[in-house]
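For reference, the structure discussed in these notes is given below.
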Amino acid sequence: MAELLVIRHGQASFGAENYDVLSDLGRQQARAAGQWLRDMGWTPDRVVSGTLNRQIDTVAEMGFAPDREEHAGLNEYDFGSLLSARYGGAVPDLVQGDRKMHFRTLRETVFEWQRDEIAEPYETWGAFVARVEAARAFATDTDAKRVLMVSSGGVIGQLAAASLQAPAEHMMNLNLQIKNASMTRFVFSGSLFSLSEFNATPHYATPDGAKLMSYS
């Protein structure tokens, strides 16, 4: 039985002009995750990330960059474009700048997206599901026994929900729980793909490590 260990990228730059940049905290989180894996003797045989800067830089900070492969199916859904489509291009300032309002509204918007209620989205829900599945198939089509994947919360939520054959809404309920640089583990063999561990942060399990915890 092989393992697929999926890491969410470290904290990005919420509220900044360019979200797709790791914050200083995000870089610390990624380094802590990489160090914990090495301390546990867990070295990946294969490393795959999406093409977003925050994913690529997380792999680099973890210390596994030289062997990294890419698959765009691991990129996050474009929440900015979804919100813009929902509000006709005029997203309220409160939704853009207030964390609680942003994520509450995003949750409602994703549910509408899943029900095909967003007019002319940049990407349909069905297309998102298909590309995540394509990325999963790419990562697990291997003789490697330990595959490390670095992705984002929505993708990880979808991987977990699909593995459990859960209703679509569960993707977003899982998505909003996922901590930065957390670890979600699957086991796979042939057609078998099963969730083993979700949203774990053993690298934060010390008083100093607890200070690294973040969700967005």
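For residues in region 1-50 being basic (Lys, Arg) and touching a residue at least 40 places away in the same chain (Cβ under 8 Å), which is surrounded by the fewest Cβ atoms within 10 Å (Cβ to Cβ)?
46
Taking region 134-172 as the search range and keeping residues that are assigned to a helix (DSSP H, G or I) and out of contact with any helix residue (DSSP H, G or I) (no Cβ under 8 Å at 6 or more places or on another chain), which one is nearest to residue 9 (Cα to Cα)?
Looking at residues that are assigned to a helix (DSSP H, G or I) and out of contact with any helix residue (DSSP H, G or I) (no Cβ under 8 Å at 6 or more places or on another chain), I get 139.
In region 141-171, which residues are under 14 Å from the mean Cα position of the chain (by Cα) and either modelled with pLDDT under 95 or not β-branched (Val, Ile, Thr) (or both)?
Passing the criteria: 148, 149, 151, 152, 153, 154, 157, 158, 159, 160, 161, 171.
Could you check how many residues of region 112-126 are within 20 Å of the chain's Cα centre (by Cα) and either modelled with pLDDT of 95 or more or closer than 20 Å to residue 159 by Cα (or both)?
So the count comes out to 6.
Residues that are more than 20 Å from the chain's Cα centre (by Cα) and farther than 29 Å from residue 126 by Cα: which helices (runs of 4 or more DSSP H) entirely in region 15-111 hold 1 or more of them?
Of the helices (runs of 4 or more DSSP H) lying wholly inside region 15-111, those with at least 1 residues that are more than 20 Å from the chain's Cα centre (by Cα) and farther than 29 Å from residue 126 by Cα span 24-39, 93-97.
Here's a check for you: in region 159-199, which residue that is touching an Asp or Glu at 6+ places or on another chain (Cβ under 9 Å), of a type in the set (Gly, Ala, Ser) and within 21 Å of residue 131 (Cβ to Cβ) is surrounded by the fewest Cβ atoms within 10 Å (Cβ to Cβ)?
That would be 162.
Considering 109, 51, 58, which residue is hydroxyl-bearing (Ser, Thr, Tyr), touching a helix residue (DSSP H, G or I) at 6+ places or on another chain (Cβ under 6 Å) and not assigned by TED's automatic domain parsing to the domain that holds residue 7?
It is 109.
The values are calculated or read from the model by the stated rules, or taken from the named source; none is laboratory data. Everything numeric in this text was worked out from a predicted model, so none of it was measured. FYI the Cβ positions are ideal-geometry reconstructions off the backbone, even for glycines, and counts take in every protein chain you see.
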